[in-house]
Amino acid sequence: MEILEPEPADELTQLQDQLQEAQVQAQEYLNDLQRERAGFVDRLGAYLVQAAPKRTYVIQVGRKVVKPTFQLLGDPLKADSSGNPKDLPFALYWIEILARLGILGGSTTAQRILCRLIRDCDELGVWNPKNLRALPKSSSRLADFAFPLEADGKTAERRKADVTFRLALIAKLAGWELEYT
């Protein structure tokens, strides 16, 4: 059996994707940078909340055309007409990043998804959607490290707890007051 090494173009694409994601993650946790570089953070926020282009993005390496696994060319969130996210784990992760950067109000898609998720909460504040049979999975694999918090989600309560915690964290980061009962 022969082991195939990945081609350099694939490794380059993966490294570029990882670097881009690491840069955004570093920005979200650096509050001092937000104060010192307020203009930069404003421009970054304006870029991150603009609509993604409709055309597909490819990289040409020699004669080979490579489609990147993920690129950040605007707002990556996708939702249906009622506000349900196409990729719930990634949507929660991305909305948390926007809340940490203080630019949650600029993304209409993030606001629509957040409103839908909050509407699905019951009177105790627990996220309680209809027909939750399994733990939501991410199709993009960009939020795999952050979701779920607890790997063993066999009961319905455990599946709801992760999203409920994330919604409470986003609310705190956005400056909302939460009442605990």
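Give region 145-181 a look and list any residue that's of a type outside the set (Val, Ile, Thr) and over 23 Å from residue 104 (Cβ atoms), or say none.
Of region 145-181, the ones of a type outside the set (Val, Ile, Thr) are 145-154, 156-162, 165-169, 171-180.
Scanning region 145-181 gives 150, 151, 152, 153, 154, 156, 157, 158, 159.
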Cross-chain or 6+ apart pairs with Cβ under 9 Å, region 136-162 first and over 16 Å from residue 120 (Cα atoms), then outside any loop (DSSP other than H, G, I, E, B) and acidic (Asp, Glu): 142/17; 142/21; 146/96; 147/162; 148/162; 149/162; 150/162; 153/162
Test: residue 92 is touching a Lys or Arg at 6+ places or on another chain (Cβ under 6 Å) and touching a residue at least 40 places away in the same chain (Cβ under 8 Å): yes
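Applying the selection to region 120-173, what residues are at positive phi and of a type in the set (Lys, Arg)? Steps first, answer last, please.
Just the residues of region 120-173 that are at positive phi, to begin with: 125, 131, 141.
Result: 141, single match.
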Enumeration of residues in region 83-110 that are among the charged types (D, E, K, R) and more than 16 Å from residue 168 (Cβ to Cβ): 86, 87
Enumeration of residues in region 133-157 that are farther than 18 Å from residue 95 by Cβ and surrounded by 15 or more Cβ atoms within 10 Å (Cβ to Cβ): 135, 153
Verdict on residue 160 being out of contact with any Ser or Thr (no Cβ under 6 Å at 6 or more places or on another chain) and either closer than 23 Å to residue 48 by Cα or exposed (fewer than 13 other Cβ atoms within 10 Å of the Cβ) (or both): no
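Laboratory data are not the source of any read-out in this text; all were calculated from the coordinates shown. Please read these numbers as outputs of a predicted model, since none were measured by experiment. Positions of Cβ are backbone-derived with ideal geometry, glycine not excepted, and every protein chain shown enters the neighbour counts.
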